[in-house]
Amino acid sequence: MTMKKLVFATLMAFGASASPLMAGEMVGPGVISTGLQETSVAITADGNTLYFMLSDMGETDDTIMVSHKKGKTWGKPEVAPFSGLWHDSEPALSPDGKRLYFVSNRPPHPGDKSVTASMSGHEFTGKNLWYVQAKAGGGWDAPVHVDGAMNDGAMIYNPSVATSGNIYFSAHRPDSGKAYQIYVARRTGDGYATPELVPLGDVANNRMDPAVDPAERFIVYAGNEGDSLGRADLYIAFHQADGSWGKPEHLGGDINSKSLENAPSLGHAFGELYLSSDRGTEVAFPKKQDTAASLQARLSGPMNGSRNLWRFDIADVLRAHGIDH
C-alpha cells in the first residue's frame, strides 16, 4: 500500500466502515490523533469511551486522557479525573471494565517521594503500577498503589490484564539482560506472585508493551526479533498446548512500517488491534511551493512524524491459528 493511500485512510471517520481494516485507520484524526504524541489505547466494551496517553514529543510530560464517542465521531479529549498531577501513562482496562490500571511516578504511599529509577548509571523518572476501581454509579475511586514485587526496580510499563487477573507488563529486571522483557505476575488471592519472565526467545532482543488476549491464548508486543522494519515492530506469539509460547511471528500487512510501531492493545471486537505509530507523510522533492500556512498545517498535523493511534484487524491471523472468537 502506498503512503498516499495510507494517508487517505486517515480521513475516514473512526467506525465509519464495517469492512476489515486491512490497511488500518487512524483513530480520531485531528481530535484524538494530533501533532502531539498519543499512545496506549484502553477502550470500554461498548466502544464509546477511550482512554489514551498524551505527551510532548520527548515524552517527559505524560497524562492520561479520555474521549467519549458522539455518534460516529470522538469528542474533544479531557484529562482523566485521576490524572493530570503526575507522570501518568499507559492505561489498561481489565476485561470486565471494573479496573483501569496505569503506571505513574506518583509517591507510592503518603510521605514517600516520587518514584525514580536507575539503569546503566543514569537516573530517570520511574514508574509503579496503580489502578482505579470503577464506582457503582459511574466514575472512578481514588488511585490505589499495587504493592509487591511487581514494582521492584520502578521500571514497569504497559500493563495488560487477563480474565484470570494475571497482569502482563514490560520491565527491566535482573533477568532481563541488557534490554526490556515481558513478564507476568500471576494473581494469587488478594495479591500477585513474584513476576515471571515470559519466555519468548533470546533476551538479547528487546521486547516491550504486551497486549495479552483475555484468555491468554496469544500475546502481541512491540520489539525487534531481528526482522523489524523500523525501530520496533509488532509481533504475535501463541500459547501452545504444552503451556509454552510459540515462536514470535512478525505481523504482516500494513501493521508494521519503517517507522516505529509500539503500545499495542486489543479492542473488544474479534481481531481488533490498536497501536501507536509515528509513520508520517512522505514528502517528494521538489515539492509543491509551500506557503507559511500550508507548511504550518502539514508540520503541525497528525502525519508530522509524531505518534498517533491506529486501529487494525488481525482476525485472519487469529483464524489461521485456530482462534475464531
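Is it the case that some residue within segment 199-214 is closer than 30 Å to Pro81 by Cα, in a strand (DSSP E or B) and of a type in the set (Lys, Arg)? Steps first, answer last, please.
Applying the first criterion (closer than 30 Å to Pro81 by Cα) to segment 199-214 yields 208-214.
With in a strand (DSSP E or B) added as a condition, the list becomes 208-212.
Next, only the ones that are of a type in the set (Lys, Arg) stay: none.
There is no residue in segment 199-214 that is closer than 30 Å to Pro81 by Cα, in a strand (DSSP E or B) and of a type in the set (Lys, Arg).
Yes/no matrix, rows are residues, columns are (1) surrounded by fewer than 22 Cβ atoms within 10 Å (Cβ to Cβ); (2) closer than 20 Å to Asp324 by Cα; (3) not hydrophobic (A, V, I, L, M, F, W, C):
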site	(1), (2), (3)
Arg231	yes, no, yes
Asp242	yes, no, yes
Leu251	yes, yes, no
Glu261	no, no, yes
Leu275	no, no, no
**Asked** Could you list, in sequence order, the residues of segment 281-310 that are touching a residue at least 12 places away in the same chain (Cβ under 8 Å), out of contact with any Lys or Arg (no Cβ under 9 Å at 6 or more places or on another chain) and either polar (S, T, N, Q) or surrounded by fewer than 20 Cβ atoms within 10 Å (Cβ to Cβ) (or both)?
**Response** Arg298, Leu299, Ser300, Gly301, Ser306
**Prompt:** Within the group Ala92, Ala117, which residue is touching a residue at least 12 places away in the same chain (Cβ under 8 Å), touching a helix residue (DSSP H, G or I) at 6+ places or on another chain (Cβ under 9 Å), within 20 Å of Ser55 (Cβ to Cβ) and not in a loop (DSSP other than H, G, I, E, B)?
**Reply:** Ala117
**Filter pass, Ala18 being hydrophobic (A, V, I, L, M, F, W, C), under 16 Å from the mean Cα position of the chain (by Cα) and either at pLDDT below 95 or buried (at least 21 other Cβ atoms within 10 Å of the Cβ) (or both)** = no
**Request:** State whether the residues of segment 247-261 include one that is in contact with a Phe, Trp or Tyr (Cβ under 7 Å, 6 or more places away or on another chain), of a type in the set (D, E, K, R), assigned to a strand (DSSP E or B) and under 22 Å from Glu225 (Cα atoms).
**Result:** yes
**Prompt:** Looking at (1) open to solvent by less than 20 Å² (accessible area, probe 1.4 Å); (2) under 22 Å from Glu25 (Cβ atoms); (3) part of a loop (DSSP other than H, G, I, E, B), which is the one condition that is false for Ile323?
**Reply:** (2)
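Mind listing whichever residues of segment 72-99 are of a type in the set (A, V, I, L, M) and either in contact with a Leu (Cβ under 6 Å, 6 or more places away or on another chain) or open to solvent by 30 Å² or more (accessible area, probe 1.4 Å) (or both)? Steps first, please.
Step one: list which residues in segment 72-99 are of a type in the set (A, V, I, L, M), which gives 79-80, 85, 92-93.
Hits for segment 72-99 are Val79, Leu85, Leu93.
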**Message:** Suppose we filter Gly253, Gly201, Gly243 for residues that are without any contact (Cβ under 8 Å) to a residue 40 or more places away in the chain and not aliphatic (A, V, I, L, M); which single one remains?
**Reply:** Gly243
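The values are calculated or read from the model by the stated rules, or taken from the named source; none is laboratory data. As the structure is a prediction and not an experimental result, all values here were calculated from the model. We place every Cβ from the backbone using ideal geometry, glycine too, and count neighbours over all the protein chains shown. Ligands, DNA and RNA are stripped out before the accessible areas are found, and what is left, the full protein with its side chains, is counted by its heavy atoms. Shrake-Rupley method; radii C 1.70, N 1.55, O 1.52, S 1.80 Å.
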